[in-house]
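Reading through the structure tokens given below for one structure.
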Amino acid sequence: MLTPEERAEIEAEFPHYPNRKAVCIDAMKIVQKHRGWLSDDALKDIGELLGMSVADLDGVATFYNLLFRRPVGRHVIYLCDSVSCWIMDGERQCSHLKERLGVEAGETTADGRFTLLPVVCLGACDRAPVMMIDDDTHFDLTPERIDQILERYP
Amino acid sequence: MPEDRPLTGNMRPDGEALDRAAYERVGGYKGLRKALGGMTPAAVIDEVKASNLRGRGGAGFSTGLKWSFVPATAPHPRYVVANGDEMEPGTFKDRLLVERDPHQLVEGMILAGYATGSDTGYIFLRGEYKLGARRVARALAEAYEAGYLGKDILHSGYSFEIHLHLSAGRYMCGEETGMLNALEGKRANPRAKPPFPPVSGLFGMPTTINNVETLCNVPHIIRNGAAWFQGLSRSKDGGTKLYGASGKVKRPGLWELPMGTTIREILEEHAGGMRDGVRFRGLLPGGASTDFLVEEHLDTPMDFSEVQKAGSRMGTGTMIILDDQTCPVGMVSNLEHFFAQESCGWCTPCWSGLGWVERILKGMEEGRGQPGDLEKLAFQTRFWAPGHTFCALAPGAAEPLQSALKYFRAEFEQHINEKRCPWK
């Protein structure tokens, strides 16, 4: 069941589109914001409101980089692995994060605190290397800076 | 307003966005008042055509001409979509525009809506642009409050709504028909053209799609006229351009300069030249999907026609600089990994070829290069040519690869012959 809050947020999108199916990406983002990821049950809940099957929603969800069909940690680290960051030593930042967190790309730390996801260019190439953690963008990364930044995400 | 920098000259030095009052103080919404107060939609289109505004998303198509493609008798609702997906690697210009002056975009969209007789606009923004999203949402609320959006705008009889859509993330969303599918709640696969979006686009209705930077120019053109806009430029293409530089330059950044400023001026005067200890090798002039240019091209003016003559594309105008301490094969490998990952899987040359190329390049970097690899790579770039696929992803992926094979051939051969990356 969608919570009243989830339902209200999704329904607030209805007037923006001529049909309910068009709302499905917004709807999945809303539910993911509340639950962290999109379980089969979550898709079923959304599907009932929008008149869509779980398979239809899964087809859409699996296309998009920012919709998660598996559980993630409390904080998601989005590390840019595109060209400008790569030139500016982005791979070193990636190795540092993997080593520091004890995970490979795409994995979640054993304590459930962080998930490490390499992502496409974050559009801040003049301040490369760049990563986002949750909603915050962090620039000009070095291993030392990364260590300090991680402390802010308990 | 600093007359020579209409897009960025009014931005606040503290990094905050201009709110409605501040935007109005520097002439904001005057273009809209002028258009709704006495210009016909056709007159707005004519003014934009005469300004030689060309699409800033990378293709450089005439904006006025694009708007004229919506037939006068086309059914309603008609849509305008602002493409703010900005997932082209190395590109960071629309971020600035949405974060710092969102009303400029909103006014440009209303003008585009009026010119094309549209009813509804969508701002399609990257999901990762959280700050931009908050600021655009606030600007939309302020515009509704002031009567610039909604029913009977400024008592003109014209009505227009704008909604903000935050993407769930995929490079394909920046391709215009992929974007339409994403807005319809589908996978962002491309559509076959024809029908073209002005005839049958979003939800099957007439749709005009413009890049954020393109739309931001429109209020200034309507307010100050086509001749003024053309006068900002040093080339046939009108206006200024947001140029950027990233990589190992002294001052990476973004600058609004006259269209047609040379690569050398951007690189040396604005970006400060190369960092100490590294030398210039080449550059991608406007994002990942543009051909490399090298030393001999540095005096090329950055506009759509001149960069094309030099064998590349201006693309988004944000340059990515390759230096001599960075492996060109590694750089191309990074680029092709990106394209392979972001391919939507719709067309065979793209999904099949990109994965293959990605593996060949990775192999070369790891000392597993084989004789014949370069011929395979060259074959793939031809296989990805325009016309072989529904969209421009694979043709775009060919550009940095085919030009790297031309300008950095010796380095590719060295990887194969020495069975290692000489930069590692």
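Quick look at the numbers
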item	result
Pairwise centroid distance, computed over Cα atoms, of segment A:1-75 with segment B:169-243, Å	28
Estimated buried accessible area (total), pair A and B, 1.4 Å, Å² to nearest 100	3600
10 Å Cβ neighbours from other chains, averaged over peptide A:22-30	4
At least 50 Å² of accessible area lost relative to the chain alone, listed for segment B:321-340 with a 1.4 Å probe	B:N334
Accessible surface, 1.4 Å probe, highest first, among residues B:V44, B:V199	B:V199, B:V44
Residue with peak Gaussian network fluctuation, chain B [Cα springs, cutoff 10 Å], from B:G239, B:G60, B:G311	B:G311
Solvent-accessible surface ranking, highest first, for A:H34, A:H138 at 1.4 angstrom	A:H34, A:H138
Relative contact order of segment B:308-424, pairs being alpha-carbon contacts under 8 Å that are 6 or more residues apart, as %	32
Proximal aspartates and glutamates to B:K193, defined as alpha-carbon separation beneath 19 angstrom and excluding residues fewer than eight positions away on the same chain	B:E175, B:E176, B:E184
Kirkwood hydrodynamic radius (C-alpha pairs) into Stokes-Einstein, chain B, 10 °C and 1.306 mPa s, D in µm²/s	72
Full-extension gain in nm, A:W37 to A:A8, via 0.36 nm per residue minus C-alpha separation	8.6 nm
Rounded to whole Hz, the Karplus (6.51, -1.76, 1.60) HN-Hα couplings of segment A:14-26, x for glycine and proline	3, x, 7, 9, x, 8, 6, 4, 5, 7, 4, 5, 4
Rounded to the nearest 10 Å², the accessible area of A:W86 at probe 1.4 Å	40
Amide proton proximity set for B:N211, modelled H, under 5 Å, gap of 5+	B:R56, B:G57, B:N83
Principal axes of segment B:20-231: Cα extent on each, largest first, Å	41, 38, 36
Per-residue SASA entry for B:C347, accessible area with 1.4 Å probe, Å² rounded to 10	20
Threshold 20 Å² - residues in segment B:139-176 whose accessible area is reduced by that much or more when the chain is no longer isolated, probe 1.4 Å	B:H163, B:H165, B:L166, B:A168, B:G169, B:R170
Cβ-based net charge around B:V249, under 14 Å, with every Lys or Arg adding one and every Asp or Glu removing one	+1
Cβ-placed point charges (K, R +1; D, E -1), dipole of chain A about Cα centre in debye, nearest 20	100
Distance violations [Cα-Cα > 19 Å] among A:K29/B:K130; B:K93/B:K362; A:K98/B:K93; A:K29/B:K93; B:K49/B:K151	B:K93/B:K362; A:K98/B:K93; A:K29/B:K93; B:K49/B:K151
Only Lys, Arg (+1) and Asp, Glu (-1) charged, at Cβ; segment B:328-418 dipole about Cα centre in debye	220
Averaged over A:6-17, number of beta-carbon atoms from partner chains that fall within 10 Å	2
Rounded Å value of the spacing that divides the Cα centres of segment B:58-98 and segment B:354-382	36
Positive minus negative residues near B:Q325 (Lys, Arg vs Asp, Glu; Cβ under 11 Å)	+1
Anisotropy class of the protein assembly as shown from Cα gyration tensor, a/c 1.5 cut	oblate
In sequence order, calculated HN-Hα J values of segment B:79-90 (Karplus, 6.51, -1.76, 1.60; Hz; x Gly/Pro)	10, 10, 10, 8, 8, x, 6, 5, 10, 5, x, x
Helix-only CD estimate at 222 nm, as mean residue ellipticity for the protein assembly as shown, using -39500 (n - 2.57) per DSSP H run (n ≥ 4)	-12000 deg cm²/dmol
Axial C-alpha extent at least 18 Å, average Kyte-Doolittle at least 0.0 - helices from chain B (DSSP)	B:102-116, B:212-224, B:328-342, B:393-407
Exposure of A:E107 as accessible area (Å², to 10), given a probe of 1.4 Å and all protein chains	90
Proximal aspartates and glutamates relative to B:K34, as straight alpha-carbon distance under 13 Å, when same-chain residues fewer than 8 apart are discounted	B:E47, B:E107
Under the Debye formula (equal points on every Cα, no solvent term), log10 I(q)/I(0) of segment B:235-284 at q = 0.17, 0.27, 0.31 Å⁻¹	-0.49, -1.03, -1.24
Surface accessible to a 1.4 Å probe, per residue, for the residues of chain B, Å²	35
Euclidean distance of C-alpha centroids, segment A:89-154 and segment B:284-323, integer Å	31
Segment B:137-202: Cα Rg divided by the 2.2 N^0.38 Å rule of thumb	1.42
Candidates B:G150, B:G277, B:G27: whichever shows maximal mean-square fluctuation once chain B is modelled as a Gaussian network with Cα springs under 10 Å	B:G277
Segment A:23-132: mean projected area of Cα convex hull, nm²	7.4
Solvent-accessible surface ranking, highest first, for A:R20, B:R134 at 1.4 angstrom	B:R134, A:R20
Span per principal axis, largest first, for the Cα atoms of segment B:328-418 (Å)	39, 21, 20
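The values are calculated or read from the model by the stated rules, or taken from the named source; none is laboratory data. Predicted model only: the values in this text are computed from it and were never measured. Virtual Cβ from ideal backbone geometry, glycine too; neighbours counted across all protein chains shown. Each accessible area value is taken on the protein alone, full model and side chains, heavy atoms only, with ligands, DNA and RNA left out. Shrake-Rupley method; radii C 1.70, N 1.55, O 1.52, S 1.80 Å.
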